Each structure stands twice: as C-alpha cells, then as structure tokens.
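For reference, the structure is listed below as structure tokens.
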C-alpha cells in the first residue's frame, strides 16, 4: 500500500494520493491502532489544505469512528462519528453522511441503546438518498431491536432485508443478514432455522478463510448445537465463545463495551452466579423502555429463583400475564381496538401498544386473533 501511495505521488493526482493515504491509514489502524490513528488524524487536520479530498476525509473519519470502537475506545469512536456526520453535512456528502448515520445505528445497538438504535435506523430508512449497505443495516438493526425486546413484528424488517437483491460482492451485507436471521431464529427458539439461515454464508466464509465471518456465523451455529471449528488465527471474543470459553468471552465483551453480548456469554457459562448476573443485567434493561425481553426469558429459564415477581405472576397466570395485561386481553377478545381500550382503561394509546406487544410475546402469537385464541385455550378469558 505504501508503494501505491508513492506511485500516486509520482503521478501528481491529488485525489488518488489522498485516497491511497486513507487506505494505508485504515490498514495501519487495524494492525497498530496508535500508528493508524496518527496517520488518519493528519489527513483530517489537513482537510482545508491544498490537494485535500472531502471524500477521503470522510473515509478517514468513518474509519477512525468504527475502528476506535472495535478496540474498546467507545467514547473516542462516538466523537469521530459525530464529527463524520457534521463534516458530511457541511460538505454535502450525502452518501457518506448516510453511511456515517448507519455506523451510528450499529454503535447504538452495540452499546445497548436499543431505542436510540431503532430511531436512528428509521431515519436511515426514511432518508431519500438510498444506499445499499446503510439500508440493509438499518433493516437488520430494527429487526434485532424488536426481536431482543420480544416485539411481535421483528420479522417484518428481517423479511424485507431477506428479500433484497444484494450484489454477490457485498459480502459484509450478505453475512450481516445471515447473522441477524440466525440471532432472531435463536431468540424465537427456532434452532432448526439457524442452519438454513447460515449454511451458505458460513460455507463461503470457510472457503475464503475469512476468520471474522467464520466467527460471527459460527457463533450462532454453535448455539444451535452445530459443530464449528475455531479458526487458528482467531483472537476475538467470538472465537472464545466458539471454543467454549464463555466466561473469558464475557470479560472481553465487557472490555469492548458490549453489554448485551457480555450478558449472553455469562448466560452460557452454566455457573449460577454468572447466570444470575446475566439475568439481572438483561432484566434491568436500563436503556430500553421495557423491563421484560425475549432474551431475559431465555436467561431466566436457566437461572433458578431469578425473579420472585415473575414467579408470582406465572402462578397467577399460565402465561405470566400481569393483571393489567389480562384486562387488555379481555378487551381484545371483545374486539376493541387500541384507542378504544385506552379510553376504557383510562390509559394512553402508547401504553396499550406496550401491553398488546407484551401479550403477543407472552402468548407466543403473531396476531391479536391468534393471541385471543391461545388465551382461550389456556382458560385466561374465563369469567
């Protein structure tokens, strides 16, 4: 790559020189963070100088934001991402702006800021400048937020993403789609679906010896009970998970500021203390508007005595519905819509929406009619 920079300099093409230097800096960043950071910071600091390329500066800032987070420098990553967005808006770099916004969507998801991630994903999807990777990533993040909460409509954005014709060379988008499909299938306890969701992408990753993709896809295949070999040169938390070193992986995920992944790893250790910690972290859901999520139920099922309140509710209702949820369910059975239920119970329509989502989740139903039918089978609608 240094030779490419030298050739560009001999040719005297300022834009090619700038792009070559950014590519070199991003490569350095992935090998030696401090060296790469210095190189890219220099490009950014010279953005108003002669020969500077706005596109190259946007690439440099994006790389600094994403890779800072990848090494556990989340605060620094956020600063660079904010600067990326501001720079792109000032210089009318619409495609880089939406790409930067998509990176912020991913960052919010990784940080556990699920509401913020969903809102930002919606902004990307509503943006008139459609760009393939950001559009796909926004759909996948929206699907994951809904699935992790246990919302009934997680499959809507997932199905839309699965229906997109992604170019074969867009390997990252194709792999991301398979990974998201696998996680949602796991959260829904459809383990047989994970093999079908990941088989093609996993086989392609193995064939091209793509360690990162092997670990990302292999993680969900392992959780589905499928055999996965750990790549020899893998050194990330996912590789630790593939090797069964769940406790060590949890520590590494925590170091990288990835609370959701850390909690999942703790939940797989089989150690009661760590199971309780995982359950409590997921149940608290400090950064989400809902206290109960589909994944907390998975952790809680493995954690004896995890939640007295949940145990009491379960004794009162076979589906663990609260008293208010039973009230809403009864009105659903009478054919009332959300606005009518809100008026009848003197609560806000938004609160009704939350109760309906919880009812669908707890009754494992996709529609209101299905939930009512399921409730009838369980005797929940008896006077």
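The values are calculated or read from the model by the stated rules, or taken from the named source; none is laboratory data. Since the structure is predicted, the reported quantities are computational estimates derived from the model, not experimental observations. Cβ: placed from backbone, ideal geometry, glycine included. Neighbour counts: every protein chain shown.
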Q | Residue ID - surrounded by the fewest Cβ atoms within 10 Å (Cβ to Cβ), chosen from residues in the stretch 300-347 that are within 14 Å of residue 371 (Cα to Cα) and modelled with pLDDT under 75 | A | 318
Q. For residue 217, are the conditions met, namely being buried (at least 17 other Cβ atoms within 10 Å of the Cβ) and either touching a residue at least 40 places away in the same chain (Cβ under 8 Å) or under 18 Å from the mean Cα position of the chain (by Cα) (or both)?
A. yes
Q | Flag for residue 72 being closer than 30 Å to residue 282 by Cα, within 27 Å of the chain's Cα centre (by Cα) and in contact (Cβ under 8 Å) with a residue 40 or more places away in the chain | A | yes
Q. Tally time: how many residues in the stretch 12-39 are modelled with pLDDT of 55 or more and farther than 14 Å from residue 55 by Cα?
A. 16
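Are any residues in the stretch 107-133 under 16 Å from residue 161 (Cα atoms) and buried (at least 21 other Cβ atoms within 10 Å of the Cβ), and if so, which ones?
Those that are under 16 Å from residue 161 (Cα atoms) and buried (at least 21 other Cβ atoms within 10 Å of the Cβ): 118, 121, 124.
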Q) Taking the stretch 149-176 on its own, how many of its residues are under 28 Å from residue 359 (Cβ atoms), assigned to a helix (DSSP H, G or I) and modelled with pLDDT of 85 or more? A) 8
Q: State yes or no: is residue 83 under 19 Å from the mean Cα position of the chain (by Cα) and part of a helix (DSSP H, G or I)?
A: no
Q.
From the list 156, 145, exactly one residue is within 15 Å of residue 176 (Cβ to Cβ) and either without any contact (Cβ under 8 Å) to a residue 40 or more places away in the chain or surrounded by 22 or more Cβ atoms within 10 Å (Cβ to Cβ) (or both). Which is it?
A. 145
Q. Right, residue 361: over 20 Å from residue 153 (Cα atoms) and surrounded by 14 or more Cβ atoms within 10 Å (Cβ to Cβ) or not?
A. no
Q | Pair list, Cβ under 6 Å, 6 or more apart: the stretch 39-58 residue closer than 18 Å to residue 96 by Cα, other residue surrounded by fewer than 16 Cβ atoms within 10 Å (Cβ to Cβ) | A | 52/46; 53/15; 54/91
Q.
Can you pull out every residue in the stretch 29-38 that is in a helix (DSSP H, G or I) and without any contact (Cβ under 8 Å) to a residue 12 or more places away in the chain?
A. 31, 34, 35, 38
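Kindly establish whether residue 279 is crowded, with 17+ Cβ neighbours inside 10 Å and modelled with pLDDT of 80 or more.
No.
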Q.
I need the full set of residues from the stretch 39-55 which are out of contact with any helix residue (DSSP H, G or I) (no Cβ under 9 Å at 6 or more places or on another chain) and assigned to a loop (DSSP other than H, G, I, E, B), in order please.
A. 48, 49
Q: Please indicate, with yes or no, whether at least one residue in the stretch 230-237 is surrounded by 16 or more Cβ atoms within 10 Å (Cβ to Cβ), touching a helix residue (DSSP H, G or I) at 6+ places or on another chain (Cβ under 6 Å) and in a helix (DSSP H, G or I).
A: yes
Q.
If residue 202 meets every condition in (1) surrounded by fewer than 21 Cβ atoms within 10 Å (Cβ to Cβ); (2) assigned to a helix (DSSP H, G or I); (3) over 16 Å from the mean Cα position of the chain (by Cα) apart from one, which number is that one?
A. (1)
